[in-house]
Structures are given as structure tokens and as C-alpha cells.
Amino acid sequence: MVIATCRTEIDWPMLSAGSRHTLSESWLSVADGRLPESVGIALVDDGTQVAMMGRVVPTATDNQFLDPYLPAAQQLGNPERIFPAMAFMYPNYDAYPIGPGSAAPRRLAEFVFGVERLATERGMRSVVFQYLGPESDLLVDALTNAKFQVYTVAQRAELSIEFAGIGDYLSGFPKRRRDKIKHEIRVMSEAGVAFSVRHLQEDEKPLIDLRCALVEKYRGKSDSERERGWFDKVQRSFPGEDIFVVTAEADGHTLGFTLFVRTADRLTALLTGTDYHHPRADYVYFGTSFYAAIPLAVEVGTRVIEYGMGSEQAKQSRGCLLSPLRWAVRDLSGEVPAAVRRV
């Protein structure tokens, strides 16, 4: 049967062992507060077989990343058909089943059936699974069989570290793309931009200012204390030796940075910022996120750099592979719009 339980009553690290890093205590800690209303929804049969984090979303919101309606508003029609919704995702913008039954199609089918029943009993109008990556392929099969509508909302970008250094990295591109990257590196070098790698420090006001500049560019306003809070969370959540800050500097001024966190053999780009008004800041985002980060990844022995969502074309043109992040929606009234595109 399916039961709802508190997040703390499910041993997430144990059940998610061998899956993605985003359910580790460190990664849940750094995203703490993003989905405070989440609880564990589990298929229990002689122990927990399948578990995921779910939450009730009573009405539409203005959060384009968390709202289970906004990214597909055109396909889904009137939001009144969606809310209240039972939505499944983890605080770090992904969703995948964990537990010994997560690789068993029969168990996943039972889990999906139980979730639909639970949602109906609680008066939900829909069930939505958000940000289903490749690790959720078997769940997507079960959801499709259960008449969920599945569609892509974003792409996750990852760069495989299969080279010995920046030279090998460049050699893997066609000549035109290789020349473009070399041009960007040359422009930064001629502007006197120097890159360095260090661990995160206590007082990072220049980085906070750069974060604010990024937020202002894309959202119109920023909050320095909120941005400071992200750096504090990172320091509390991860060992200092696993946090790397790649900076771009010129004449003693920090032009940009990207902060990476190491988890086993993976580097994850977590925070970034750029001084968009500085005349020497051209291409420094790519410098800190790619060209200076690749030697770092090689040096610390990581296998993959994960860049997450957004700017997919720019990331793909610098060697990243893209994996679809899918949403699955089930209209519990049975009136599923035919216009929703299957993947």
C-alpha cells in the first residue's frame, strides 16, 4: 500500500545509495527551505519498496521552477483543472524513485497506482511528477502506462571528463567551434584576465556582489542578505575541501566566479556571478565555468561536471551532453488535454 510519512521517517541516504547525489544529507541541507512542505510518499510491502518526496500545491504560484502548471500552461489549459495538485520533486530540481523496488516495473506500477488513489482520496485534481531525468526512465514507462502525459520542460547539461587537460578538450571539437573557443580564451588573456582556484572563505562580499549582479540581470532586483545566505548554507553543508571557487580577476578586481561542489567523482556548478558592466568581463562566465574548471576537474579526479538547467545551447556548444528533464501530469478527472506533447 502507499502511505504518507514525514521526511525524517524515511532513511533517504540509505534508500538512495547508488543513485544521484542530490538526496544526500549535504545536498538536502543546502536546499533546505525550498520545499518545506514535502513529505515522503512510500510503497510499503515488507519494508519500504519505493519512495519519493511529494507535496500538495493548493493553487497556482508565480514560481516558474516549482509551480506544477507554469511551464506547460499552454498545453494544460485552465489552471483550475490542475489545482490542488499532488506534486513530486526533490529540493534540487529533480525527481526519481528510490528503494529496492525502484528498478522493478511491477513495484513502480503499484507505486503509481497507490499515488493516484491517495491523491483522489485527498481531493486532488491532478498528480504531477517534476524534473524526471534519465534515472527515472522506468518510472516514466510506468507513468505513461498509467495514462500520464509526459513532456520535456528543460535539459540537464553534463560534461564528461574524458580528456587529460584543456588541450585534449579543445581537440575534440570541429575546427570552427575550436577556433571560437580559442578566440574567447585569447580575448580574456589579452584583457589581462587571470583565473585562480581556491576554497570558499568566510567573508566573500565580492562574490555576493557578483551574485546580486546576476540576479538583477535576470530577475530585476536582488537581496544581498539572501545571496549571503546561500554561501553560508554551502559552507555548513559541505566539507571545505570539497568546495572550489574558480575566479576571474583583472587589476585586483574580481570579474566573475563559479562555485563547484565535489561529490564523489562529480563536480556540480552550484553558484555563479559576473560583473556585467566591467569592460574586461567578456566571456568570463565561460572561463570560470568551463575553461578554468576543466583543469580543476582533471586534477581532482572527477568524472563529470554537472551544469544543471538553463543556457542549454551555450553549454552544448562547449561539449556538454543534454538529458531531458520531463514532467508527467495525470488529470484525475480523466480529461487529459490531447495537445500535451508526448516525449
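The values are calculated or read from the model by the stated rules, or taken from the named source; none is laboratory data. Worth saying up front: this structure is predicted, and the values here are computed from it rather than measured. No Cβ is skipped: glycine too gets one built from the backbone with ideal geometry, and neighbour counts run over all protein chains shown. Accessible surface is based on the protein model in full, side chains and every heavy atom, while ligands, DNA and RNA are left aside. Shrake-Rupley method; radii C 1.70, N 1.55, O 1.52, S 1.80 Å.
Would you check the accessible area of His199, probe 1.4 Å, heavy atoms only, in square angstrom rounded to 10?
In the full protein context, His199 sits at about 80 Å².
Would you list Asp251, Asp265 from the most to the least accessible area, probe 1.4 Å?
These residues rank, largest area first, as Asp251, Asp265.
Quick check for you: with a 1.4 Å probe and neighbouring chains kept, what is the accessible area per residue of the chain, in Å²?
Accessible area per residue: 47 Å².
Within the chain, how many lysine pairs that are 8 or more places apart, or on different chains, have C-alpha atoms less than 30 Å apart?
Close lysine pairs under the 30 Å cut-off: 14.
What do you get for the angle between helix 105-121 and the principal long axis of the chain? Use alpha-carbon atoms, 0 to 90 degrees, nearest ten.
The two axes meet at around 70 degrees.
Given 0.36 nm per residue, what is the gain on full extension from Leu70 to Arg106 after removing their alpha carbon distance, in nm?
Extra length available between Leu70 and Arg106 comes to 9.8 nm.
For the chain, build the charge dipole from Cβ charges (+1 Lys, Arg; -1 Asp, Glu) around the Cα centre, then report which of Val153, Ser196, Leu296 sits farthest towards its positive end.
The Cα lying farthest towards the positive end belongs to Val153.
Could you work out how far apart the two model spin labels at Ser171 and Gln201 are, taking each label as a point 7 Å from the Cα in the direction of the beta carbon, and quote it in nm?
For Ser171 paired with Gln201, the spin-label model returns 3.8 nm.
List, largest first, the extents of the alpha carbons of the chain along their principal axes, each in whole Å.
Sorted from largest, the Cα extents of the chain read 64, 41, 40 Å.
Output the peptides 161-172, 88-99 sorted from most to least packed, where packing is the average of other Cβ atoms within 10 Å over each peptide's residues.
So the order, starting with the most tightly packed, is 88-99, 161-172.
Under a Cβ-only charge scheme (Lys and Arg +1, Asp and Glu -1), can you give me the dipole magnitude of region 48-151 about the Cα centre, in debye to the nearest 20?
Dipole about the Cα centre, nearest 20: 300 debye.
Measure off, as a whole percent, the carbon and sulfur share of the 1.4 Å-probe accessible area of the chain, all protein chains present.
Carbon-and-sulfur percentage of accessible area, whole number: 50.
Rounded to the nearest 20 debye, what is the charge dipole size of the chain about its Cα centre when +1 sits on each Lys and Arg Cβ and -1 on each Asp and Glu Cβ?
1020 debye
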